[in-house]
Amino acid sequence: MREVLLVGNPNSGKTTFFNSLTKSDEHIGNWHGVTVEEKKKAFKVGNDEFVLVDTPGIYSLAPLSFEEEVSFKLIEKKKHEKIINICDLNNLQRNLYLTLCLLEEGEDILLVVNEIDKKVKFKLNTKELERCLDIPVILLDAENKKEIDKIKDRLKDKPNKRKKPLKYLDKIDFSCLKSHFKDKDLIFYIKAFEKNESFFKLKGFTDEEIKKIFEIVPVNSMEILANARYSFLDEIIEISCAENNFVYGQSKFDKILLNKFLALPCFLIILSIIFYLTFFSIGAFFSDLLSSFLELITSPILDALSELNNSFLYNFFADAVFGGLSTVLSFLPQVVLLFFFLSLLEDSGYITRVAFIFEDILGKVGLSGKSIYTLLMGFGCSTTAIMTARNMDNKNSKIKTALLCPYMSCSAKIPIYTVIGGAFFGASNIFVIIGLYLLGVVVALSISKILDVTLLKSDNQTFILEFPPYRWTSMKRVYKILSKNVKSFLVKVGSVMISMNIIVFLLSSFTFSFKYVEDGSGSMLESIGKFLAPAFEPVGFNNWAIVSALLAGLVAKEVVVSSIAMFNGIDSSAIKLISSSILLPTSVVYFASKASVLSFLVFCLLYTPCLASISMMLQEIGKKWTIIGILIQLFVAYIVSFIVYNLALGAEIFGILPIILTLLSIILMIVAVCFVFRFVKYKKCARCKNLCDKHK
Amino acid sequence: MITLKDAKLNKYYKISHILGDNLKVVRRFLELGLVGGQKVRIVNKSILKKVYLIEIRGYLLSIKTSLLNYIILEGDVV
């Protein structure tokens, strides 16, 4: 099969093109670095079979971050036959810089200029550009399918490797290198001028050799090369384009959204609206609707089953299949809505602005503004979010961002908060949920700060990020986002959850000697749960069933609620039934007080994420950091739950005022200690007679 | 010699050259089109001024303030 690479600058529309050419549904967004790994798909043009490889965006063939390294290695492997180079028309000059780098390597290129926005900065004369670069150029209008067919036809062309070097290279004086390395190709000299360490390392040069090569080239060699390339590009643009005078990416909205005083409030308002719509207004309405609908379907089936007089069969379907599962299923609207809003944020171009605003704050705790994308995506699903940590260009920042991701409360925890919290807090559950989300963020930032001063110092972080323009999401895309998320949720419920529910059911219905017990007493799960439960006495839930539900939740967080429903023998999707059952002292799962519920919710928020996230962490940050991450999560979850339990217990006994006062005085003490510490540090500086770096 | 860090908000300057210790950052700036002779302008600053938003070659780029010292300007405002 003939391999075709899809290469281009970040956010130039590669994956959108990949989706339309191969009829795929890969994740896209209006942000730098949505694609972080290669994606392959085969397609046919007539009788010829091709495989198209989508790569993360790059600016040149000298990688800076982890995802750029992926593309660089793919290109240098030289397994492909052709490269489709996607350029954004609004940033043509800079996009063509990469084209030149590829042409220097002698690649066979098909240049596709993408016209993403209606308002364009350049008006392109395709023929002239073709003539200047001596490669085929196609102007792609995203709406028009005709051009896609044209591109497919061009792929069938015979491989056409460039023989003549690009003319601007003649003007560069490589003589210093030529005298030392006589028999090398032109590309060797170019890469040496570029001081491209990654290239030489890939070609097997040692650090010593690379250092020697870099010593030979002029000090400003990189600048000489970049100047030559850009002067050539300036010429090309003058010949082939008419330029409209506006700044690409600039918008009137930024006056408000990036304003010194309004930026943070605006972000918080947007986030609050998203959570309000998801949890309470639209989301809750559709959830209730779906819940009643599911009950309507399942109750006749259960009635029919009860007539069979087989308690095992009835319990199996009522508890393992219908009860817990339909409860989780009724949360489909809320989960899908949350993903939908996150996708809208991604598409809008606002996330880059958020990264810009948050670089200040996150910088203080040793993170980069770029982490905000990963952390925001963490509200949807930790597993996919952890992968986006590849955007970081520093290993420590990448590990830190990936480790913090699970503290952002993911969508799988929505049922836990609504069902368990709702039982005790009723209408004021909204404040509990907001509090939990905030607690997740605060814990994440605190851990980041601690890691930054201990294990994972992150210095030399670069932050160079291009601003995309604001864009509206098309109706077609809205439909795609919704259908994709509905599908993935249903698949998850239908595969992972159903099998997990059956396992939990079997473990809680059979003893170690495989004897069926109807009420679960003496079952395997009860024995395990009872063994572990005393450890949870200090955090307020010494109950085998709750501990078992938490254990089951290690596979997927939704299982926590479905297990609780199963233990309490709830066989319908009505959320209220589960909620009221956990208030009854006779139930298997029973919470004695508000304090123990709060502590349970906090534990669910902070403890080890699902199996899928753990395996993703293993893949992205390695065994050592995954284990450290899990240990930190368990430790932090236990400690914070303990504190919350005891504070809430105190509030129940002494009233809320003394507790608030105690908390305030603790915070004041911490602030005072920090102040004294800073003062001592400053004094030391004064002693060094202003010679230290800080006060020079 | 002034750098982009010292530049005034919303005024155009001409870049003289790029100079700094971190080779990767220098190369990235050059790749992004921050080469000698180009016009550059600071468009916005973040709340604590840790990041600046700049305009270069007709597009917007946000850069950490400490890295702006790499961008050396020709003295006068264009």
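Only helices enter the 222 nm calculation for the protein assembly as shown: every DSSP H run of n ≥ 4 contributes -39,500 (n - 2.57), and dividing by all residues gives -16500 deg cm²/dmol, rounded to 500.
So what's the projected area for the range A:140-267, the Cα convex hull averaged over all directions, in nm²?
Quarter of the Cα hull surface area: 15.0 nm².
Mean per-residue shielding of peptide B:35-47 is 5, counting Cβ atoms of other chains within 10 Å of each Cβ.
Computed over the range A:169-243, the alpha-carbon pair-distance distribution with 5 angstrom bins reads 3, 15, 24, 22, 14, 9, 6, 4, 2, 0, each value a whole percent. Between A:LYS178 and A:LEU554, the FRET efficiency from the beta-carbon distance, with R0 = 45 Å, is close to 0.15. Put in line by how crowded their Cβ is, counting other Cβ atoms within 10 Å and starting with the fewest, A:LYS395, A:LYS476, A:LYS39 read A:LYS476, A:LYS395, A:LYS39. Calculate, for A:SER299 and A:PHE675, the FRET efficiency according to 1/(1 + (r/R0)^6) with r their C-beta to C-beta distance and R0 56 Å; round to the nearest 0.05. Approximately 0.30, to the nearest 0.05. Set the bar at 24 Å for Cα to Cα. Now go through A:LYS41/A:LYS79; A:LYS195/B:LYS45; A:LYS364/A:LYS400; A:LYS121/A:LYS195 and name every pair that lies beyond it. Violating the 24 Å limit, Cα to Cα: A:LYS195/B:LYS45; A:LYS121/A:LYS195.
Here the spin labels are modelled as points 7 Å beyond Cα on the Cα-Cβ line, and at A:SER495 and A:GLN619 they lie 1.2 nm apart. Ratio to report: Rg/Rh of the range A:263-654, with Cα atoms as the point set and Rh obtained by the Kirkwood method; give two decimals. Ratio value, two decimals: 0.98.
Here A:LEU657 and A:ASN309 are evaluated by their C-beta separation; at R0 = 56 Å the FRET efficiency comes out at 0.45. The order of the peptides A:282-291, A:618-627, B:45-54, A:200-209 by mean Cβ neighbours within 10 Å, most packed first, is B:45-54, A:282-291, A:618-627, A:200-209.
Taking Cα atoms only, the orientation of helix A:282-306 departs from the longest principal axis of chain A by about 50 degrees.
Rg and Dmax, both from the Cα atoms of the protein assembly as shown and both in Å, are 29.6, 94.
How well do other chains shield peptide B:15-24, expressed as the mean number of their Cβ atoms within 10 Å of each residue Cβ?
Shielding by partners across B:15-24 averages 3.
With the convex hull of the Cα atoms taken as the outline of the range A:2-155, the averaged projected area works out to 8.4 nm².
Determine the shape class of the range A:445-494: with a ≥ b ≥ c the square roots of the Cα gyration tensor eigenvalues, call it rounded for a/c under 1.5, and otherwise prolate if a/b is greater than b/c, oblate otherwise. The shape class here is oblate.
What nm distance separates the two modelled labels at A:ASP519 and A:SER272, each placed 7 Å from Cα along Cα→Cβ? Result: 5.0 nm between the two label points.
The long axis of helix A:395-404 is offset from the longest Cα principal axis of chain A by roughly 30 degrees. Other residues lying with their Cβ under 13 Å from the Cβ of A:LEU611 contribute a combined charge of +1, Lys and Arg counting +1, Asp and Glu -1. Ordering A:LEU302, A:LEU601 by the number of other Cβ atoms within 10 Å of each residue's own Cβ, fewest first, gives A:LEU302, A:LEU601. The modelled label-to-label distance for the pair A:PHE43/A:PHE285, using points 7 Å beyond Cα in the direction of Cβ, is 4.0 nm. For the peptide A:354-361, the mean number of other protein chain Cβ atoms found within 10 angstrom of a residue's Cβ is 5. Counting only alpha carbon atoms, the long axis of helix A:221-240 and the longest principal axis of chain A meet at about 80°.
What list do you get for A:HIS180, A:HIS27, A:HIS32 if you sort them by fewest beta carbons within 10 Å? Intermediate values should be presented prior to the final figure.
Working: A:HIS180 12, A:HIS27 16, A:HIS32 22.
Least crowded to most crowded, the residues run A:HIS180, A:HIS27, A:HIS32.
Just so you know, the averaged projected area of the alpha carbon convex hull for the range A:491-573 sits at 5.6 nm².
No value in this document is a laboratory result; all are computed from the given coordinates. What you see is a predicted model; the values in this text were computed from it and never measured. With ideal geometry, Cβ positions are generated from the backbone for all residues, glycine too; neighbour counts draw on all protein chains shown.
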